[in-house]
Structure formats: structure tokens, C-alpha cells
Amino acid sequence: MRSLVEAQISRIKRCIGERLLTQELASQEGEGVIIANLLNRWNAFGKPVCVKNA
């Protein structure tokens with residue numbers, strides 16, 4: 001289970017980045033809200049279903 005969580009965090013960091021891009025506190029708060037909404041939407045898709053075709 002832990003490896004799945006770490007893999008998800010790694011994917012998030014690769015897509016979004018490890019740091020906030022803005023300097024001001026108010027802008028960072030807004031950026032955090034945007035990232036949280038993006039992650040919630042991303043996780044709403046669920047896990048992919050793999051089917052073996054052979």
C-alpha cells in the first residue's frame with residue numbers, strides 16, 4: 001500500500017512540480033487551492049482497469 005501512495009506522489013510531483021511557483025502568500029494560497037482541485041478531479045477518474053488481450 002505504501003508503494004502505491006509513494007508512486008502517486010511521484011506522479012503528482014512530475015506533473016505539477018515540487019514547489020509553488022508564486023512568491024506572495026496570497027498567491028501561494030490560491031495556487032494551493034488550484035492544485036488541490038486538480039488533484040481531486042484527477043483522483044475522481046478512479047483507477048484504470050487493465051484487461052489482458054491474449
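Readers should treat all values here as calculations from the given coordinates under stated rules, not as data from a laboratory. Nothing here was measured: the structure is a model prediction, and the numbers come from that model. No Cβ is skipped: glycine too gets one built from the backbone with ideal geometry, and neighbour counts run over all protein chains shown.
Quick notes
- If only the Cβ of Lys and Arg carry +1 and only the Cβ of Asp and Glu carry -1, the dipole of the chain around its Cα centre is close to 480 debye.
- Working note: Karplus 6.51/-1.76/1.60 with θ = phi - 60° gives segment 20-35 the couplings 6, 8, 8, 9, 7, 4, 4, 5, 5, 4, x, 5, x, 5, 4, 5 Hz, where Gly and Pro are set to x.
- For the chain, diffusion coefficient by Stokes-Einstein and Kirkwood Rh (Cα), 4 °C, 1.567 mPa s, µm²/s: 98 µm²/s
- FRET efficiency for the pair R2 and L38, taken as 1/(1 + (r/R0)^6) with r the Cβ-Cβ distance and R0 = 35 Å, rounds to 0.90.
- Ranking L20, I9, V51 by how far each Cα lies toward the positive end of the dipole of the chain (charges on Cβ) leaves V51 at the top.
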